1. Here is a check on your reading of the model: is Glu30 surrounded by fewer than 16 Cβ atoms within 10 Å (Cβ to Cβ), without any contact (Cβ under 8 Å) to a residue 60 or more places away in the chain and of a type in the set (Asp, Glu)?
2. Which fully enclosed strands (runs of 3 or more DSSP E) of segment 1-102 have 3 or more residues being of a type in the set (A, V, I, L, M, F, W, C)?
3. Anything in segment 58-103 that is hydroxyl-bearing (Ser, Thr, Tyr) and in contact with a helix residue (DSSP H, G or I) (Cβ under 6 Å, 6 or more places away or on another chain)? List them, or say none.
4. So, in segment 8-40, exactly how many residues are modelled with pLDDT of 95 or more and of a type in the set (Gly, Ala, Ser)?
5. Would you check if Glu105 is part of a helix (DSSP H, G or I), modelled with pLDDT under 95 and acidic (Asp, Glu)?
6. Return yes when Lys131 is within 14 Å of the chain's Cα centre (by Cα), modelled with pLDDT of 85 or more and in a helix (DSSP H, G or I) and no when it is not.
7. Against the condition of a type outside the set (Asp, Glu) and touching a Gly at 6+ places or on another chain (Cβ under 6 Å), how does Leu56 come out, does it pass?
8. Restricting to segment 134-161, give me the number of residues that are assigned to a helix (DSSP H, G or I) and either over 18 Å from Ala21 (Cα atoms) or touching a residue at least 40 places away in the same chain (Cβ under 8 Å) (or both).
Amino acid sequence: MNITLIGMPWSGKSYVGKELAGRLKYDFIETDAVLEGEYGLPIREVLEKLGESVFLKKQEEYVISSTKNKDNTVISTGGSIIYTDRAMQYLKEISLIVYLDMPLEVIEKRMADLPRNIVGSKDKNLERLYKERILLYKKWASATVNANQNSKIVVENILKIIENRKKFNKL
């Protein structure tokens, strides 16, 4: 079983993903890091270099190629992966998708501390982008976890979801 974490940038996908992978003794893949490694640039510069449409296409390709034939892996996706139906359908087939729900106010504060470009932010302010994306995160998620709490609690909540899913699938 794979676990995919989706959510807004700054929602804690990478941090929680690493902790979760450690607890489960799973592999960990951070798809933004795969893109950064390919281009040798921070993700915001990759986005600037490629432009949004090419970036989304590359993100889709890397999500699929870096997770193909993987099992027992926690996958931390870029926040904009939900704009690519092909990648999301693929992730839905190979994993349990968990949406890390973080309030807009917390994301705004984290964004002020660590600014970076976000797909869609040229045409929309963060609040509008947040509202748009929440609908897509909820559409694709198998489960939602409140990420606005201690990361250890977030991980415990995800572990409970996994355990419940395993019990349910055994029936």
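The values are calculated or read from the model by the stated rules, or taken from the named source; none is laboratory data. It should be emphasised that the depicted structure is a prediction, and the values quoted were computed from it without experimental measurement. With ideal geometry, Cβ positions are generated from the backbone for all residues, glycine too; neighbour counts draw on all protein chains shown.
1. Spelling it out, it is not the case that Glu30 is surrounded by fewer than 16 Cβ atoms within 10 Å (Cβ to Cβ), without any contact (Cβ under 8 Å) to a residue 60 or more places away in the chain and of a type in the set (Asp, Glu).
2. Hits in segment 1-102: 2-6, 95-101.
3. Residues satisfying the conditions are Tyr62, Ser66, Ser76, Thr77, Tyr83, Thr84, Tyr90, Tyr99.
4. So the count comes out to 3.
5. yes
6. no
7. Judged against the criteria, Leu56 is not a match.
8. 14
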